[in-house]
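**Q** Can you read through this structure? Questions will come right after.
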Amino acid sequence: MNRHVRALASLAVFLLVSAQANATVVRFETAMGRFDVNLYDRRTPATVANFLAYVNGGAYTNVVLHRSVSGFVVQGGAFTFPGSLPLADIVERAAVANEPLLSNVRGTIAMAKLPGSVNSATSQWFINMGNNSANLDVQNGGFTVFGEVTSGGMAVLDAINTLPTFAASTAIDTLPLRNYTAQDAAAGAPITAQNLVFATTVTVIDGNADSAAALSPVANTLLNSNTPPPASDSGGGGGSTGIVSLLLLGALALRRRT
């Protein structure tokens, strides 16, 4: 086999493996139950590729749900629990281009960003716990929705969203905690693994990049009334863009919030 043939064969293998990695359903396992998220591979390919780079790289192992605002969001992707406090920062990759095609309605997952910076999403994401379209579809260039929680998962997230929250630091001011009270906080009781809410694993459970084909996400019509409807997940075209985006990921170290 000559050099050019070998190069083409290697490229073909790389593309095949990358396409398979562009899976579409991920599972979050928490102490309060599991929830699955179906990703919109075709509609938001760059964002899905970015998210899966963290998933497949193990960055979200023991990822802490560090922010909960009742009826608004449950947020994670900034910290992991290494077995004891303090929490460990997730190493951020390069920021991904904004893809605000879909609406921030209840049950969708979207990327958090730096205030006033449209293309600044990296590792942090949030679940919309209510219909936040009027605000988040237009604020800061619109927040990129890239998937939705599937059957039964919102019951788990609703339970998390009803937990009391506490200020653990200036960066973590609405931390949901289990079996922890205001009296515990006043007494200076330490926060342990039994109090935190974190996903022990975030893993791909369905490698079919077209599994969202039957879903009907709501289009973001508030950001730009002239925006065309999002491309269908039932067709091709998303995979190659996702692969290119995956290759362009680098490093960035800044905090993100909705």
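**Q** I need the Kirkwood Rh of segment 21-87: take the reciprocal of the average 1/r across all distinct C-alpha pairs and report it in angstrom.
**A** On the way: mean 1/r = 0.0751 Å⁻¹.
Here the Kirkwood hydrodynamic radius works out to 13.3 Å.
**Q** For Asn179 and Met32 in one chain, what is 0.36 nm times their gap in residues minus the Cα-Cα distance, to one decimal in nm? Display every interim value, and only then the final one.
**A** On the way: separation 147, 0.36 × 147 = 52.92 nm, distance 1.21 nm.
Length gained, Asn179 through Met32: 51.7 nm.
**Q** Based on the mean of other Cβ atoms within 10 Å per residue, sort peptides 142-150, 179-187 so the most packed one is first. Could the numbers behind the result be given before it?
**A** On the way: 142-150: 26.6, 179-187: 11.8.
By packing density, highest mean first, the sequence is 142-150, 179-187.
**Q** Could you put Ser211, Ser216 in order, starting from the residue whose Cβ has the fewest other Cβ atoms within 10 Å? Provide the component values of the computation, followed by the final result.
**A** Working: Ser211 17, Ser216 8.
The order, fewest Cβ neighbours first, is Ser216, Ser211.
A short reminder: the numbers here are calculations on the coordinates, not readings from a lab. Worth saying up front: this structure is predicted, and the values here are computed from it rather than measured. Using ideal geometry, Cβ is built from the backbone for each residue, glycine included, and neighbour counts are taken over all protein chains shown.
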